[in-house]
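What follows is one structure encoded as structure tokens, with my remarks underneath.
The values are calculated or read from the model by the stated rules, or taken from the named source; none is laboratory data. Values in this document were obtained by computation on a predicted structure and should not be read as measured data. With ideal geometry, Cβ positions are generated from the backbone for all residues, glycine too; neighbour counts draw on all protein chains shown.
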Amino acid sequence: MIVALALVLVGCAPEDTDPQECVHDPVLTYENFGEGFMTQYCVACHSSQLPDLVLRNDAPLGIDLDTYAMVLQWKERIKARSQYGIDAPMPPGGGPREAEFVVLQEWLACDAQDDWDQVYGGGAP
Ligand code: HEC
């Protein structure tokens, strides 16, 4: 009798992706990633539609993330605050999985433009 042994790899950790490497094909965009992430994890508190601190769960007035222009405006702060495993992350209680934060950072690094003129034809929003 022949006994075949199968080796099964289970529980592989997510790849240690460098967010600076733009690995996604097609490339991540606001439309195919950013908007959905912001809507799911940020806009409940950071929306221009929410006029007071009670409705915003104390998210500061003016830090709104419900359009691409607004996200670009806060890009560096989003990069700093939305990482896995840091102190005082955004969203405050956590929520996104580590892999989702990695993709967010990749999107901010690879797609989200610094060049206002190119995106908006001039002038910060
Ligand atoms: C439950 C409400 C809530 C959610 C959801 C939330 N925030 Fe916040 N956010 C706050 C509060 C409250 C503050 C002010 C206190 C602080 O900075 O920790 C804040 C502050 C900020 C600031 C300004 C402070 C700084 O460090 O520059 C940024 C940027 C920010 N949030 C980004 C985000 C992003 C990006 C998401 C989604 C990934 C998010 N937030 C989700 C409540 C929220």
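Observations on the model:
- Checking 64, 58 one by one, the residue that is modelled with pLDDT of 95 or more, within 12 Å of the ligand (Cβ to nearest atom), among the charged types (D, E, K, R) and surrounded by 18 or more Cβ atoms within 10 Å (Cβ to Cβ) is 64 and no other.
- The set of residues in region 18-38 being touching a residue at least 12 places away in the same chain (Cβ under 8 Å) and either within 13 Å of the ligand (Cβ to nearest atom) or loosely packed, with under 13 Cβ neighbours inside 10 Å (or both) consists of 20, 21, 33, 34, 35, 37, 38.
- Among residues of region 72-91 that are free of Cβ contacts under 8 Å to residues at least 40 places away in the same chain, those with a beta-carbon under 6 Å from a residue that is more than 6 Å from the ligand (Cβ to nearest atom) and not hydrophobic (A, V, I, L, M, F, W, C) at least six positions away or on a different chain give the pairs 84/98.
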